[in-house]
1. At 222 nm, what value in deg cm²/dmol follows for the chain if DSSP H runs of at least 4 each add -39500 (n - 2.57) and the sum is divided by all its residues, to the nearest 500?
2. Evaluate E = 1/(1 + (r/R0)^6) for Ser62 and Ala100, where r is the Cβ-Cβ distance and R0 equals 22 Å; express this FRET efficiency to the nearest 0.05.
3. Could you state how much accessible area Ser24 has, in square angstrom rounded to the nearest 10, with a 1.4 Å probe and all protein chains kept in place?
4. What percentages make up the Cα-Cα pair-distance distribution of the chain when the bins are 5 Å wide from 0?
5. Express the carbon and sulfur contribution to the solvent-accessible surface of the stretch 4-105 as a percent, rounded to the nearest whole number, probe 1.4 angstrom.
6. Write down the accessible area per residue of the chain in Å², having rolled a 1.4 Å probe over the full set of protein chains.
Amino acid sequence: MEINWEKLRLQALQASKNAYAPYSKFPVGAAAIVDDGRVVTGANVENASYGLTLCAECSLISELFASGGGKLVAFCCVDADGAVIMPCGRCRQLLSEHAAAGMMLETVSGIKSIEEVIPDAFGPSDLEES
Ligand code: THU
């Protein structure tokens, strides 16, 4: 599947406009293509109890399920200027659970697979009885 990264980045930038980031003043937008072709987005939602902040990826995953589920095949997140940022470690874990095998991400060091940015990820199979 050919990914239009520029378009996905712009969709992430558009999503960042919905961020609630009064504390960090660092709005983040995320966008991903689902395996059925639809696009899901998210933005960060902060909280006065700072540690409760929801990253943009959290709301993207919520939208994934609210709109029918599926697996992510391509993902990117950007800051308020539209520059690509790396998903934080927690969000790499969050994404890996809902990523199709080989999901591609646009990163600060080029296009990479989810397996490259979170190698040997803990996942559902680790919970299976052996
Ligand atoms: N943030 C995200 O939304 N996603 C990430 O992957 C990195 C960080 C948000 C959390 C917080 O609202 C702001 O960026 C500054 O850390």
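1. On the way: 4 runs with 36 residues, N = 130.
It lands at -8000 deg cm²/dmol.
2. Working: r = 18 Å, r/R0 = 0.84.
E(calc), rounded to 0.05, equals 0.75.
3. 60 Å²
4. Answer for the chain: a P(r) of 2, 12, 22, 24, 21, 12, 6, 2, 1, 0 percent.
5. Values: 2720 of 4880 Å².
C and S atoms contribute 56 percent here.
6. Details: 7170 Å² over 130 residues.
Accessible area per residue: 55 Å².
The values are calculated or read from the model by the stated rules, or taken from the named source; none is laboratory data. Just so you know, these numbers come straight off a predicted model, no measurement behind them. Note that each Cβ is placed from the backbone with ideal geometry, even for glycine, and that neighbours are counted across all protein chains shown. All accessible areas refer to the heavy atoms of the entire protein, side chains included, with ligands and DNA or RNA removed. Shrake-Rupley method; radii C 1.70, N 1.55, O 1.52, S 1.80 Å.
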